1. Regarding Ser335, is this residue in the same structural domain as Arg280 (by TED's automatic domain parsing), assigned to a helix (DSSP H, G or I) and either in contact (Cβ under 8 Å) with a residue 60 or more places away in the chain or closer than 25 Å to Ala459 by Cβ (or both)?
2. Six or more apart or on different chains, Cβ atoms under 7 Å: show the pairs whose first residue is in region 454-471 and under 19 Å from Leu370 (Cα atoms) and whose second is part of a strand (DSSP E or B) and among the small types (Gly, Ala, Ser).
3. Could you list, ordered by first residue, the pairs with Cβ atoms under 6 Å in which the first is in region 408-426 and within 23 Å of Arg376 (Cα to Cα) and the second is part of a helix (DSSP H, G or I) and of a type outside the set (A, V, I, L, M, F, W, C), at least 6 apart or interchain?
4. In this structure, does Asp253 turn out to be without any contact (Cβ under 8 Å) to a residue 40 or more places away in the chain, surrounded by 14 or more Cβ atoms within 10 Å (Cβ to Cβ) and closer than 30 Å to Leu319 by Cα?
5. Residues that are of a type outside the set (A, V, I, L, M, F, W, C) and in contact with a strand residue (DSSP E or B) (Cβ under 6 Å, 6 or more places away or on another chain): does region 82-100 have at least one?
6. From Leu313, Leu231, Leu281, which residue is surrounded by 15 or more Cβ atoms within 10 Å (Cβ to Cβ), in a helix (DSSP H, G or I) and not assigned by TED's automatic domain parsing to the domain that holds Phe432?
7. Could you list, in sequence order, all residues of region 105-132 that are surrounded by 16 or more Cβ atoms within 10 Å (Cβ to Cβ) and either more than 11 Å from Phe171 (Cβ to Cβ) or among the acidic types (Asp, Glu) (or both)?
8. Can you pull out the helices (runs of 4 or more DSSP H) entirely within region 125-213 that have at least 3 residues that are modelled with pLDDT of 80 or more, farther than 30 Å from Ile229 by Cβ and among the aliphatic types (A, V, I, L, M)?
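The values are calculated or read from the model by the stated rules, or taken from the named source; none is laboratory data. From a predicted model like this one, the values you see are computed outputs, not experimental measurements. Reconstructed Cβ throughout: ideal geometry from the backbone, glycine too, with neighbour counts over all protein chains shown.
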Amino acid sequence: MKGLGWHRRRSRARWSDTAALRAAATPKAGIRPCPWHRRTRDAVGYSLRLRLMLVFTVLALAMTIIFLGGVQKAIAMGWREAARPLLMDYVDRLVEEVGTPPDIERARAIVNRLPIHMHIAGPKVNWDSHPEQPRPEWMSHAVRSDKRWLAEVDGQKLLQRVTEDGHTIVFGLNAMTWEQKPRIAWFTLTALLLLTAFAYAWVRRLLSPLEDIRQGARRFGAGDFSQPIALPPTRRPDELHQLAATINTMGEDIHQMLEAKRALLLAMSHELRSPLTRARLHTELLPESADTQPQRDALLRDLGEMARLISDLLESERLAGRHAALHREPVDLLSLAREVVEELSARHSHAHHVAVRTDGPADQMPLLPLDRSRMRLLLRNLLDNSLRHTDPALPPVELHCTWDAAGAVVVRVRDYGPGVDPEHLSRLAEPFFRPDTARQRATGGVGLGLYLCRLVAQAHGGSLHFSNAAPGLLVRVVLPPASSTSPA
């Protein structure tokens with residue numbers, strides 16, 4: 001029981017953490033929404049896919065920058081030894097082809113044949129092949145010499161020639177050749193975006209088993225071992241496949257341990273019943289005398305408490321199983337509640353003051369298909385808990401039954417005692433949990449009563465809720481309509 005309760009508390013804790021994250025990400029009325037950059041940062045920090053894509057993108061950019069920088073540096077270093085002599089020789093040949101003095105028709109033919117810019121200045125010929133274009137960059141003094149791709153001195157040696165008749169011929173690349181082809185950049189950008197989208201889709205498909213693993217771990221944490229984590233068929237199992245298989249094995253081991261513990265607890269409870277019955281029989285056969293009567297009554301009371309504890313343990317294990325057998329029959333909750341009040345009158349002197357009420361005539365309350373013995377157990381534990389924490393001088397305990405047109409019934413049990421600390425409300429229905437850690441006899445049993453109430457309500461398809469009524473504690477049992485309650 002303790003191990004099962006621990007796993008369920010861990011599951012509720014994980015669920016509360018997830019709910020808190022979703023609530024923090026969901027804007028509420030009257031609260032300023034979170035800025036977009038913070039939402040983006042939180043999304044990247046939460047999503048493993050986005051972080052992997054970010055790492056891949058940064059790595060690709062870094063590799064591209066390093067590669068281009070290295071290639072550019074290598075070309076610059078080999079320029080003087082390889083390309084520089086070839087370019088100087090080629091420029092000399094172009095000057096010879098233009099002639100001396102320069103022939104404009106020949107110069108125009110060269111410009112039409114090659115993607116170059118030619119400027120001729122001298123005493124007889126002044127001609128510019130592209131007057132609308134700016135001067136070559138190496139001739140622009142507005143640009144720092146250390147930032148030019150070609151220094152001024154190098155430009156004069158490589159791309160500038162002076163003929164014998166005093167004409168200066170300057171060569172340069174035709175900028176319009178590059179400006180007329182902007183589509184290449186757009187094609188490159190589109191290809192990069194497509195590759196990024198393909199990489200994201202591939203990473204998403206690669207990490208898709210993580211969602212199945214998360215759902216499976218949540219089921220195991222909640223105590224549901226009926227459905228293992230789905231393992232997709234693959235030729236070569238990867239790390240995620242092996243992780244899912246390992247978690248499935250762990251779930252099977254935990255399930256077997258819980259089943260073995262449950263079987264051991266049931267066997268011990270059954271075995272303890274026989275010696276308890278014999279001890280009670282021997283106690284009742286003791287002579288009733290004034291000297292032994294107090295000891296006899298105390299022993300019978302202790303044996304009765306042990307018998308009830310064993311019965312509660314057996315009942316909790318039966319109801320906690322996946323196949324809780326309920327013997328359903330039409331039950332009148334009001335009549336059953338009054339019977340339970342009469343039964344508790346023998347233990348609590350103020351039990352006959354319990355107020356059993358409804359919103360309408362008692363004969364109009366629908367009969368629900370319930371397990372009579374289990375509902376008696378639920379009402380007895382709820383009323384016994386309220387009577388134990390209510391002083392006879394305070395207002396009496398109230399039991400209120402309401403129902404709607406669909407047939408759903410809500411049972412409310414309220415006392416006027418000290419109530420429960422708010423941090424303990426969510427744990428009241430856990431097995432063996434009690435706000436009073438001293439576990440005194442006057443303040444209750446071992447902490448199975450409200451746990452059994454929750455199991456009975458859940459076995460009938462309903463739910464159990466606790467809240468402070470200021471003063472006192474309010475317990476709500478919600479039972480669904482007969483049409484929505486599936487038979488066990």
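1. Values: in the same structural domain as Arg280 (by TED's automatic domain parsing): no; assigned to a helix (DSSP H, G or I): yes; either in contact (Cβ under 8 Å) with a residue 60 or more places away in the chain or closer than 25 Å to Ala459 by Cβ (or both): yes.
No: the conditions fail for Ser335.
2. Ala457/Ser463
3. Between residues of region 408-426 that are within 23 Å of Arg376 (Cα to Cα) and residues that are part of a helix (DSSP H, G or I) and of a type outside the set (A, V, I, L, M, F, W, C), the close pairs are Val413/Ser386; Asp415/Ser386.
4. Details: without any contact (Cβ under 8 Å) to a residue 40 or more places away in the chain: yes; surrounded by 14 or more Cβ atoms within 10 Å (Cβ to Cβ): no; closer than 30 Å to Leu319 by Cα: yes.
For Asp253, the condition - without any contact (Cβ under 8 Å) to a residue 40 or more places away in the chain, surrounded by 14 or more Cβ atoms within 10 Å (Cβ to Cβ) and closer than 30 Å to Leu319 by Cα - is not met.
5. No: region 82-100 contains no residue that is of a type outside the set (A, V, I, L, M, F, W, C) and in contact with a strand residue (DSSP E or B) (Cβ under 6 Å, 6 or more places away or on another chain).
6. It is Leu313.
7. Gly122, Val125, Trp127
8. 183-206
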